[in-house]
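Peer 1: Below is the structure I would like to discuss, written out as structure tokens.
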Amino acid sequence: MEKPSPVFIFQIILFLLTQSLLATSHSPNPTPVTFSVTEFGATGDGVHYDTLSIQSTIDSCPSTLPCRVTFPSPGKYLTATIFLRSGVILNVETGATILGGTKLEDYPKESSRWYVVLAENATDVAIEGGGVVDGQAEKFVVRYNPRKNIMVSWNQTGSCLGDECRPRLVGFLGCKNVRIFNVTLNQPAYWCLHLVRSENISIHDIAIYGDLNIPNNDGIDIEDSNNTVITRCHIDTGDDAICPKSSTGPVYNLTVTDSWIRSKSSAIKLGSASWFEFKHFVFDNITIVDSHRGLAFQIRDGGSVDDIIFSNINISTRYYDPLWWGRAEPIYVTTCPRDSTSKEASISNVRFINITANSENGIFLSGSKRGLLRNLSFINMNITYRRFTGYAGGLLDYRPGCQELVKHKTAGIMMEHIEGLEVRNVEMRWENNELEQWNNPMEFKPSTVNNIYFNNFNSILYSNSRSS
């Protein structure tokens, strides 16, 4: 019997290897290959740029298999923008940090791509590992100001406008199957975690720390993105903490649970970019601490809102400097046109269930003539009003646009342009403070508010609040 030739044997081996790789690539959970950025020359000394080494590691990942790109601990890996590809998992080990560059030349020409970590049109991408991604926000401060820091602006390039021309920290643009797990996102110079036109997003067990005196350092911005789950997160930041926006498309199916939030602006805010619909949101088991505003709707551009549930939420709101949007409202539901070119939009079917609040100001519910608030429900709520900062009260905050700031006495619930409100099992407690002269449970103009239902609503004064 004639022996097979070496060429034939090689062809058989190559065929078997190819079939094995194909089978692996189509398995339900293929094992990722792992590369370390240090194997490609990264030093992790926090001084020299490791951008080329990091990007070379990412670009070496096979397209047929998931690929884990590891940042070993200890190490501080200074980098310009790095670009993720489909199937890439950034594994930042506990004790390792990705440090974002602080120079304009560290970022792409287009300001819309100014991120430290950026994924564009990618599928099955992730960041995990227990480590840190740090934006070095303090290096973008031009002048420290006790009211609000003055930040650097790169608008002299003409690529963006105003004073918000700074790099964001992490961005997923046009992506599918995104997972951010067990990482700390630290000190963003601008928005922290930005999800744009993306789908199927899981964010869990992460921490976000932004300087409380730096403007526009939002925690998580969900923009034109759908099917997002956020759970077991700790967010402590100056600007809005969790902020769905609709700029080029609707936002559907957002779930946020089991999280802790502090913000010098709004802890949770829909808007103010609101050109398209918001629908099917659930927020449950959330603690909001020392925030300028608790649960907020800032609808200004014509996009409607429908089917939103807030449940099992503990809120503490307080006054901060009025340079920051917010007036200590525990709940703030507003819709009005941003300017004369903007459309009015309705907010419908919003339920607040099992809410406890301790606040310096009342609930603000404000629709507009052709943008009514419809079918709101307050069920099982306990609200305590007391003063504990020295900032002046007596203002309604319509910003941005609309009427801006308006002088007005505090009411427990201030209402205008509403069609349908249920108040059931709600107790309102007021600090007995003669100087404030506030104990008005509700205020509204009957001509703008219709179909209100009350069942077991109480409003009482209490004393010795600071020792209770």
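Peer 1: Look through Val125, Val116, Val152 and report the one residue that is closer than 19 Å to Asn216 by Cβ, of a type outside the set (Asp, Glu) and modelled with pLDDT of 95 or more.
Peer 2: Checking each option against the conditions leaves just Val116.
Peer 1: Determine which member of the set Leu212, Leu254, Leu185, Leu270 is under 14 Å from the mean Cα position of the chain (by Cα), closer than 27 Å to Glu138 by Cβ and not polar (S, T, N, Q).
Peer 2: Leu185
Peer 1: Additional query: Mind checking which residues of segment 315-326 are open to solvent by less than 10 Å² (accessible area, probe 1.4 Å) and either outside any loop (DSSP other than H, G, I, E, B) or not aromatic (Phe, Trp, Tyr) (or both)?
Peer 2: Across segment 315-326, the qualifying residues are Ile315, Thr317, Gly326.
Peer 1: Follow-up question, since we're still on this one. Open to solvent by 40 Å² or more (accessible area, probe 1.4 Å), hydrophobic (A, V, I, L, M, F, W, C) and assigned to a strand (DSSP E or B) - does that describe any residue in segment 151-167?
Peer 2: Scanning segment 151-167 turns up no residue that is open to solvent by 40 Å² or more (accessible area, probe 1.4 Å), hydrophobic (A, V, I, L, M, F, W, C) and assigned to a strand (DSSP E or B).
Peer 1: Could you figure out which of (1) of a type in the set (S, T, N, Q); (2) in contact with a Cys (Cβ under 7 Å, 6 or more places away or on another chain); (3) in a strand (DSSP E or B) isn't true of Asn227?
Peer 2: So Asn227 meets the others, but not (2).
Peer 1: What's the total number of residues in segment 428-449 that are open to solvent by 50 Å² or more (accessible area, probe 1.4 Å), in contact with a Phe, Trp or Tyr (Cβ under 8 Å, 6 or more places away or on another chain) and part of a strand (DSSP E or B)?
Peer 2: 1
Peer 1: Going residue by residue through segment 264-276, is there one that turns out to be within 19 Å of Cys175 (Cβ to Cβ) and touching a Lys or Arg at 6+ places or on another chain (Cβ under 7 Å)?
Peer 2: There is no residue in segment 264-276 that is within 19 Å of Cys175 (Cβ to Cβ) and touching a Lys or Arg at 6+ places or on another chain (Cβ under 7 Å).
Peer 1: Let me ask another. How many residues does segment 330-352 contain that are more than 16 Å from Asp306 (Cα to Cα) and in a strand (DSSP E or B)?
Peer 2: 2
Peer 1: Which one is most open to solvent (accessible area, probe 1.4 Å), of the residues in segment 133-150 that are more than 22 Å from Ala119 (Cβ to Cβ) and part of a loop (DSSP other than H, G, I, E, B)?
Peer 2: Out of the qualifying residues, it is Tyr144.
Peer 1: Right, next: Working carefully through the options Leu421, Leu376, find the one that is open to solvent by less than 10 Å² (accessible area, probe 1.4 Å), touching a Gly at 6+ places or on another chain (Cβ under 9 Å) and not in a loop (DSSP other than H, G, I, E, B).
Peer 2: Leu376
Peer 1: Being closer than 28 Å to Gly302 by Cβ, β-branched (Val, Ile, Thr), without any contact (Cβ under 8 Å) to a residue 60 or more places away in the chain and open to solvent by less than 20 Å² (accessible area, probe 1.4 Å) narrows it down to one of Ile452, Ile413, Ile383, so name that one.
Peer 2: Exactly one residue qualifies, and that residue is Ile413.
Peer 1: List every residue pair whose Cβ atoms lie under 8 Å apart, where the two residues are 6 or more positions apart in sequence or sit on different chains, the first residue falls within segment 156-180 and is more than 17 Å from Asp221 (Cα to Cα) and at pLDDT below 85, and the second residue, located anywhere, is surrounded by 17 or more Cβ atoms within 10 Å (Cβ to Cβ) and among the aromatic types (Phe, Trp, Tyr).
Peer 2: Short answer, once both residue conditions are applied: Cys160/Trp154.
Peer 1: A further question follows. For Lys343, only one of the following conditions fails: (1) more than 18 Å from the chain's Cα centre (by Cα); (2) modelled with pLDDT of 95 or more. What is its number?
Peer 2: (2)
Peer 1: Condition check: touching a residue at least 40 places away in the same chain (Cβ under 8 Å), farther than 14 Å from Arg293 by Cα and either charged (D, E, K, R) or open to solvent by 30 Å² or more (accessible area, probe 1.4 Å) (or both). Does Glu329 satisfy that?
Peer 2: So Glu329 fails the test.
Peer 1: Just the residues that are surrounded by fewer than 16 Cβ atoms within 10 Å (Cβ to Cβ) and polar (S, T, N, Q), please, taken from segment 96-132.
Peer 2: Matches in segment 96-132: Ser112, Asn121, Thr123.
Peer 1: Here is a further query. Can you confirm whether segment 185-200 contains a residue that is polar (S, T, N, Q), more than 26 Å from Gly249 (Cα to Cα), out of contact with any Pro (no Cβ under 8 Å at 6 or more places or on another chain) and at pLDDT 95 or above?
Peer 2: Checked segment 185-200: at least one residue is polar (S, T, N, Q), more than 26 Å from Gly249 (Cα to Cα), out of contact with any Pro (no Cβ under 8 Å at 6 or more places or on another chain) and at pLDDT 95 or above.
Peer 1: Same structure, new question: Taking strands (runs of 3 or more DSSP E) that do not extend beyond segment 239-314, which have at least 1 residues that are surrounded by fewer than 24 Cβ atoms within 10 Å (Cβ to Cβ), among the polar types (S, T, N, Q) and touching a strand residue (DSSP E or B) at 6+ places or on another chain (Cβ under 6 Å)?
Peer 2: 251-263, 266-272, 278-291
Peer 1: To continue, here is another question. What number goes with the only condition from (1) more than 27 Å from the chain's Cα centre (by Cα); (2) open to solvent by 70 Å² or more (accessible area, probe 1.4 Å) that Pro30 does not pass?
Peer 2: All conditions are met except number (2).
Peer 1: Exactly one of these conditions fails for Asp339: (1) touching a residue at least 40 places away in the same chain (Cβ under 8 Å); (2) touching a strand residue (DSSP E or B) at 6+ places or on another chain (Cβ under 7 Å); (3) over 18 Å from Asn358 (Cα atoms); (4) surrounded by fewer than 18 Cβ atoms within 10 Å (Cβ to Cβ). Give me its number.
Peer 2: (2)
Peer 1: I've got another one for you. I want to confirm something. Restricting to segment 181-209 and keeping residues that are open to solvent by 10 Å² or more (accessible area, probe 1.4 Å) and assigned to a loop (DSSP other than H, G, I, E, B), which single residue is farthest from Tyr320 (Cα to Cα)?
Peer 2: Here the residue is Arg197.
Peer 1: Another one. Give segment 39-83 a look and list any residue that's open to solvent by 60 Å² or more (accessible area, probe 1.4 Å) and over 23 Å from Gly174 (Cα atoms), or say none.
Peer 2: Once the filter is applied, which keeps residues that are open to solvent by 60 Å² or more (accessible area, probe 1.4 Å) and over 23 Å from Gly174 (Cα atoms), segment 39-83 yields Glu39, Phe40, Thr43, Asp45, Val47, His48, Tyr49, Leu52, Pro74, Lys76.
The values are calculated or read from the model by the stated rules, or taken from the named source; none is laboratory data. Remember, predicted model here, so these are calculated numbers, not experimental data. A quick note on method: Cβ atoms are made from the backbone with ideal geometry, for glycine too, and the neighbour counts reach across all protein chains shown. These area figures cover heavy atoms from the full protein model, side chains too; ligands, DNA and RNA do not enter into them. Shrake-Rupley method; radii C 1.70, N 1.55, O 1.52, S 1.80 Å.
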